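The values are calculated or read from the model by the stated rules, or taken from the named source; none is laboratory data. Keep in mind that this is a model prediction, so the values were computed, not measured. With ideal geometry, Cβ positions are generated from the backbone for all residues, glycine too; neighbour counts draw on all protein chains shown.
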Amino acid sequence: MKKHILISFCLFAMLTGCGIFSKNSPEQPPIPAATPQRVVVDPKSLQPCTPMPALQTPATYETIAQHYITIIGLYGDCAIKQSSSIELIRKLSNLDKP
C-alpha cells in the first residue's frame with residue numbers, strides 16, 4: 001500500500017512538473033496603454049545641417065580667419081539642431097533627462 005502511495009505521488013509530481021515546490025511570484029500589474037500625446041516639433045530640427053564651405057584657393061590670413069568664423073557659426077547652428085532633436089527623441093520615448 002505504501003508503495004502505491006509513493007508511486008502515485010511521484011507520478012503526480014511528474015505531471016505537475018514539480019510546480020508544487022516552486023514559489024508563487026506576485027502578479028505584476030498590467031502595463032497601462034499608451035496615451036497619444038501631441039509633440040510639438042520645431043521646423044528647424046527637421047532641416048539637415050548646412051554643409052561646410054570650401055576654403056578659397058588663394059588663402060590669405062583674412063580668408064582663413066573668415067572661413068574659421070563661418071565654420072564656428074555653422075557648428076553652433078548644427079549643435080542647436082542636434083540638441084533639439086535629442087530633446088524631441090526623449091519626449092517621444094518618455095525618457096527622463098539625465
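Couple of notes before you dig in:
- Any chance Met14 is of a type in the set (A, V, I, L, M, F, W, C), more than 30 Å from Ser93 (Cα to Cα) and at pLDDT 80 or above: no
Matching residues to (1) part of a loop (DSSP other than H, G, I, E, B); (2) among the hydrophobic types (A, V, I, L, M, F, W, C); (3) modelled with pLDDT under 80; (4) at negative phi:
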site	(1), (2), (3), (4)
His4	no, no, yes, yes
Asn24	yes, no, yes, yes
Pro48	yes, no, no, yes
Glu62	no, no, no, yes
Gln66	no, no, no, yes
Ile72	no, yes, no, yes
Ile86	no, yes, no, yes
Asn94	yes, no, yes, no
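- Test for Ser83: is it in contact with a Lys or Arg (Cβ under 7 Å, 6 or more places away or on another chain) and under 28 Å from Ala34 (Cα atoms): no
- Taking residues in segment 21-46 that are surrounded by 10 or more Cβ atoms within 10 Å (Cβ to Cβ), and partners anywhere that are of a type in the set (Lys, Arg) and at pLDDT 75 or above, the pairs with Cβ atoms closer than 8 Å and at least 6 places apart or on different chains are Lys44/Lys81; Ser45/Lys81.
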